[in-house]
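In what follows, a structure is listed as structure tokens, so that the remarks can point back to it.
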Amino acid sequence: MSTAPDYTQTELIVCAAAQMLAGKRTVFAGIGLPTLAVDLAHRTINPDIELIYESGVSGAHPEAMAEGIADSVVVSGAEAVVNMQALFGYVLQGGNVDVGFLGAAQIDRHGSLNTTVIGDWDRPKVRLPGSGGATDIMANAGEIFVIVRRHDLSAFPEAVDFVTSPSPVRAREAAVGIQPAGHGVSVVITPLGVLQRTDKYGELELTHVHPGVTVEQVRENTGWDLAVGPTVETTAEPTVEEVRLLRDEIDTVRLYLR
């Protein structure tokens, strides 16, 4: 298929994320770019993907793009709607979610996420929404995908300013409570490339760069000595059909495509 001549950076990372969902079955997706990626995957490479929303909707088939987890469109055509206690207690903690798809303001080398505060807790530069269901999703989903709009030293620091959702490494170091069942972060899609983590207690490593991006650019914009995979591939550019789907059928109001 032909490459779209005028794709945007956001469309590039959403298309790259959708490709990573090939073969995945159940996805607990956050609102925003994760929702776009899951919808695109469903329309292209993975028609059997099952979408779960935090509000209690399982097997969602939204009639239009959801603008929030409580948006009524997520209920239309859904295979099940349960209360949040059942969703988290039976579906998520029961081990029935393959991929938790999250966003983050900061991420460290082992995949701990910060969605709480930038800067000092008492005198922050920015207060963020906090965990929501992300901490539970991190601990109990089979693996975690993260999509971020920035790749720089502030988004990928040596140490995050606040640990909202601890990686298995951070949880093991704390040595308290029940250890997470899930793998933690396995894939991070950024504006520069894709980082992956195959070892539950290992570090993220660079596996893909986007067209026109070098390995050194990615390493220079990462706050730790980023490991590089033995073979770094170049992500595929969005096709004309992928961009058409995103613009004309998925995010027609350009809520997230910007």
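No value in this document is a laboratory result; all are computed from the given coordinates. Here the structure is a predicted model, which means the values were calculated and not measured. Positions of Cβ are backbone-derived with ideal geometry, glycine not excepted, and every protein chain shown enters the neighbour counts.
Tabulated results
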read-out: Dipole-positive endmost among 20, 148, 256 within the chain (Cβ charges, Cα centre); value: 148
read-out: All Cα pairs of the stretch 192-231, percent lying beyond 14 Å; value: 40
read-out: Estimated FRET transfer efficiency (residue 233, residue 254; beta-carbon r; R0 35 Å; 0.05); value: 0.70
read-out: Gain upon complete extension [residue 216, residue 6; 0.36 nm per residue less C-alpha separation]; value: 73.0 nm
read-out: Cα-centred dipole magnitude for the stretch 58-141, charges only on beta-carbon of K, R (+1) and D, E (-1), debye, nearest 20; value: 340
read-out: All Cα pairs of the stretch 84-184, percent lying beyond 20 Å; value: 37
read-out: Relative exposure of 58, 112, 76, judged by other C-beta atoms within 10 Å (fewest first); value: 76, 58, 112
read-out: Per-residue Cβ neighbour rank within 10 angstrom, fewest leading, 84, 138, 20; value: 84, 20, 138
read-out: Antiparallel DSSP beta bridges within the chain, percent to nearest 5; value: 50
read-out: Using θ = phi - 60° and Karplus 6.51 cos²θ - 1.76 cosθ + 1.60, couplings along the stretch 229-238 (whole Hz; Gly, Pro as x); value: x, x, 9, 9, 8, 9, 5, 6, 6, x
read-out: Cα centre as origin, Lys/Arg/Asp/Glu Cβ charges: the chain dipole, Debye; value: 380
read-out: Cβ-Cβ FRET estimate between residue 84 and residue 153, R0 fixed at 22 Å, reported to 0.05; value: 0.05
read-out: Likely footprinting exposure, 201, 256, fewest C-beta neighbours within 10 Å first; value: 201, 256
read-out: Candidates per trypsin sites (Lys or Arg not before Pro) in the stretch 194-254, loop by DSSP, up to 16 other Cβ within 10 Å; value: 254
read-out: Principal semi-axes in Å for the stretch 9-250 [√(5λ), Cα gyration tensor, largest first]; value: 26, 23, 16
read-out: Computed E for residue 125/residue 178 - FRET, C-beta separation, R0 41 angstrom, nearest 0.05; value: 0.80
read-out: Hz values of 3J(HN,Hα) by residue in the stretch 210-224 - Karplus curve (6.51, -1.76, 1.60), Gly and Pro given as x; value: 7, x, x, 9, 9, 4, 5, 4, 5, 5, 5, 9, 10, x, 9
read-out: Normalised contact order of the chain, rounded percent, pairs of Cα under 8 Å and 6 or more residues apart; value: 20
read-out: Per residue Cα convex hull volume in Å³ - calculated over the stretch 1-90; value: 101
read-out: Amide hydrogen neighbours beyond the local backbone of residue 50, cut-off 5 Å, H modeled; value: 26, 27
